[in-house]
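Written out below as structure tokens is the structure these notes cover.
Throughout, read-outs are computed from the coordinates displayed, never taken from laboratory work. Bear in mind the structure is a predicted one, so any value in this text is a computation, not a measurement. Because the Cβ atoms are built from the backbone with ideal geometry, glycine has one as well, and the counts that use them run over all protein chains shown.
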Amino acid sequence: MTPDELSELKELVEFLKENEINEFDFERGELKIRLKFAPPVHASSVSGLDLARLSQMLAPAPHTPIAGGPGHVAVAPAALVSEADVPVEEEKLHVVKSPIVGTFYESSAPGAPAFIKVGDQVENAQVLCIVEAMKLMNEIESDAAGEVVKRWVTNGQPVEYGQPLFSLRLS
């Protein structure tokens, strides 16, 4: 991927986040991109102006031919949990955040018991969950010891870098 293409991709990701576009597929020649953000929490709409801007951004570069037929864009609101979404009474809790973008899994295999559940005591460096990224299963470890008081995501949910996964009451 050229530096120009990487810059275009970064601009596209920012646009999708700003306009709460949940899922996006793009194909230009040999380049195929699929982006998925967290599922919606609240309804929102994307204006015609925003869609026009998206179309302009996706227009092929003058030197790049497009292969295939018309593209497909699915539009839906994204739901990212930010620091502002943490209730005031929980601000004193330690939040374990996702270190990578991927898919959250509560256990090592389908049907296996969850690594932890709300109410469990966890130790520093204890495995809390798995985040799958590019077919790699990454064990996410606790960076503090304490009681699990909240799980912010559901099993199989896409997660973003820095998105809260668990809240701990430190011990």
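Between Asn124 and Lys17, how high is the FRET efficiency from 1/(1 + (r/R0)^6) when r is the Cβ-Cβ distance and R₀ = 41 Å? Nearest 0.05. Working from the Cβ atoms, E equals 0.80. Sorting Lys150, Lys32 from the fewest to the most surrounding beta carbons within 10 angstrom yields Lys32, Lys150. Footprinting exposure proxy ranking of Asp120, Asp4, fewest other C-beta atoms within 10 angstrom first, gives Asp4, Asp120.
Using the empirical formula 2.2 N^0.38 Å as the baseline, the Cα radius of gyration of the range 83-170 reaches a ratio of 1.02.
A Förster radius of 41 Å, combined with the Cβ-Cβ distance separating Ser171 from Leu6, puts the computed FRET efficiency at roughly 0.40. Applying both filters, DSSP loop and at most 16 other Cβ atoms within 10 Å, to the GluC sites (Glu not before Pro) of the range 1-34 gives Glu30.
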